[in-house]
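Written below as structure tokens is the structure these notes are about.
The values are calculated or read from the model by the stated rules, or taken from the named source; none is laboratory data. Here the structure is a predicted model, which means the values were calculated and not measured. Glycine also receives a Cβ, built like all others from the backbone with ideal geometry; neighbour counts cover every protein chain displayed. Only protein heavy atoms, including side chains, enter the accessible area calculation; ligands, DNA and RNA are left aside. Shrake-Rupley method; radii C 1.70, N 1.55, O 1.52, S 1.80 Å.
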Amino acid sequence: MARVDLDGNPIKPLTICMIGAGGFIGSHLCEKLMSETPHTVLALDVYSDKIKHLLDPADSPLPWAGRITFHRLNIKHDSRLEGLIKMADLTINLAAICTPADYNTRPLDTIYSNFIDALPVVKYCSENNKRLIHFSTCEVYGKTIGAFLPKDSPLRKDPAYYVLKEDESPCIFGSIEKQRWSYACAKQLIERLIFAEGAENGLEFTIVRPFNWIGPRMDFIPGIDGPSEGVPRVLACFSNNLLRGEPLKLVDGGQSQRTFIYIKDAIEAVLLMIENPARANGHIFNVGNPNNEVTVRQLAEIMIQVYSKVSGEQTAETPTIDVSSKEFYGEGYDDSDKRIPDMTIINKQLGWNPKTSLWDLLESTLTYQHRTYAEAVKKVIAKPLAS
Ligand SMILES: NC(=O)c1ccc[n+]([C@@H]2O[C@H](COP(=O)([O-])OP(=O)(O)OC[C@H]3O[C@@H](n4cnc5c(N)ncnc54)[C@H](O)[C@@H]3O)[C@@H](O)[C@H]2O)c1
Ligand SMILES: O=c1ccn([C@@H]2O[C@H](COP(=O)(O)OP(=O)(O)O[C@H]3OC[C@](O)(CO)[C@H]3O)[C@@H](O)[C@H]2O)c(=O)[nH]1
């Protein structure tokens with residue numbers, strides 16, 4: 001049965017240059033493209049661990065063999081980049097430093113990674129008339145307008161003061177010494193550059209603003225498949241604490257709110273953008289799940305319950321502890337208070353909506369985390385401290 005797009009037109013096989021394909025989102029996108037579409041992927045990244053199951057035909061060739069090739073390269077300085085973009089019909093750029101612990105501690109690397117290093121990708125796409133899907137972040141909205149109202153103002157409950165809409169909401173960051181915002185500001189400027197390339201030079205672009213996508217293979221477990229002193233994003237931080245039977249650390253009491261979406265729901269939206277260029281070009285899309293809003297404290301409480309169910313282990317004596325952001329992240333940290341995506345544009349253009357509840361996505365993700373890491377963590381804990 002020939003695959004058709006949302007307007008009933010046959011979908012032609014594409015060659016996709018995917019930069020950052022070895023990451024969390026990239027690995028799920030490669031899985032989807034290989035298992036459900038005829039498209040070819042040029043997978044560019046410095047690492048391939050998370051996609052090696054798609055690459056190495058152990059003994060018998062995989063059904064998609066030949067449709068995905070890995071190119072180990074750093075886009076900061078690699079002459080192969082332009083040639084790979086020219087070979088493809090579409091470039092998807094996922095490459096970034098995107099873990100908040102780095103934004104205030106490695107601000108220069110963060111700004112270079114999210115703005116400077118993306119410049120040649122945009123240039124090569126524009127000069128060669130190639131379509132670009134660029135991954136930005138929900139963090140470009142920064143804080144809500146409501147965050148500046150008095151704490152007890154009833155207007156804080158008015159959606160006009162907190163719903164984040166691609167073509168209306170401002171970008172509100174903290175002051176310069178709050179270097180946490182180095183990332184969001186770099187992402188905002190690359191968005192503005194891409195938008196200007198579209199306006200002035202006709203670049204066909206789509207910008208994606210992910211709202212906390214979570215699932216298997218997100219980041220790393222410190223001391224197991226990442227540096228012991230590394231600080232990943234909250235899913236991996238809390239998973240690490242649960243695996244080790246430690247209290248989950250709630251930064252500044254865990255009062256910030258987030259909406260979390262299952263990676264598999266989000267990948268459906270990206271595939272619609274890839275295969276419906278007429279509906280996606282020229283648009284910025286929020287991709288999130290407004291029905292899954294929790295405070296970080298509530299996230300911790302749910303993850304503790306789900307992990308106990310999945311692992312069969314008792315909940316720790318002290319399940320959570322409050323820590324200051326200064327202690328946990330260091331100087332210059334600041335935070336987004338609330339992230340509710342407006343869904344009007346993605347509903348209208350692509351007819352897409354998320355499906356998976358927070359409990360269900362955490363159950364499948366923590367099942368993966370426990371199956372993948374529990375044994376290794378037990379060994380590390382059991383090892384006598386180096387004398
Ligand atoms: N996961 C989310 O919830 C989320 C939310 C908002 C924005 N995003 C954005 O989506 C994109 C992908 O995020 P992710 O969660 O998959 O992160 P990730 O860190 O798992 O993936 C990023 C990948 O890019 C690669 N990369 C970075 N710099 C590179 C370079 N110079 N050359 C080659 N490869 C390089 C890394 O090796 C990594 O594999 C990022 O742009 C991020 O800002 C993700
Ligand atoms: O052990 C922990 C770790 C984190 N927190 C708090 O959880 C909130 C979420 O933190 P995190 O997952 O690190 O990331 P953010 O949501 O703040 O930002 C990300 O969202 C999108 C993206 O662009 C890419 O993924 C990135 O910037 C936060 O409030 C932490 O303080 C905690 O309490 N305990």
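At-a-glance table
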| item | result |
| --- | --- |
| Solvent exposure of segment 12-77 as accessible area per residue, Å², 1.4 Å probe | 46 Å² |
| Charge dipole (debye, nearest 20) of the chain; +1 at Cβ of Lys and Arg, -1 at Cβ of Asp and Glu | 300 debye |
| Lysine pairs meeting the criterion (Cα under 22 Å, 8 or more apart or interchain), as found in segment 110-260 | 12 |
| Per-residue SASA entry for residue 123, accessible area with 1.4 Å probe, Å² rounded to 10 | 100 Å² |
| Segment 286-387, relative contact order [Cα under 8 Å, separation at least 6], % | 44 percent |
| Alpha-carbon gyration tensor eigenvalues x 5, square-rooted, for segment 158-271, Å | 31, 19, 16 |
| The chain: most fluctuating residue of 347, 74, 286 per GNM, C-alpha cutoff 10 Å | 347 |
| Pairwise centroid distance, computed over Cα atoms, of segment 315-353 with segment 56-129, Å | 26 Å |
| Per-residue SASA entry for residue 262, accessible area with 1.4 Å probe, Å² rounded to 10 | 30 Å² |
| For peptides 188-199, 85-96, sequence by mean Cβ density within 10 Å, most packed first | 85-96, 188-199 |
| Accessible carbon and sulfur surface of the chain relative to its total accessible area, %, 1.4 Å | 54 percent |
| For the chain: span of alpha carbons on each principal axis (Å, largest first) | 59, 57, 41 |
| Probe 1.4 Å - accessible area at residue 340, Å² to nearest ten | 20 Å² |
| Axial C-alpha extent at least 30 Å, average Kyte-Doolittle at least -0.5 - helices from the chain (DSSP) | 358-382 |
| Calculated SAXS-style log₁₀ I(q)/I(0) at q = 0.13, 0.14, 0.17, 0.18 Å⁻¹ - segment 35-177, Debye, Cα scatterers | -0.79, -0.87, -1.07, -1.13 |
| Relative contact order, percent, the chain [alpha-carbon distance under 8 Å, six or more residues apart] | 17 percent |
| Taking the convex hull of Cα positions in segment 278-320, its mean projected area over all directions (nm²) | 5.1 nm² |
| Where 200, 246 fall by accessible area, highest first, once all protein chains stay in place (1.4 Å) | 200, 246 |
| Positive dipole terminus of segment 105-252, leading residue within 164, 133, 154 (C-beta point charges) | 154 |
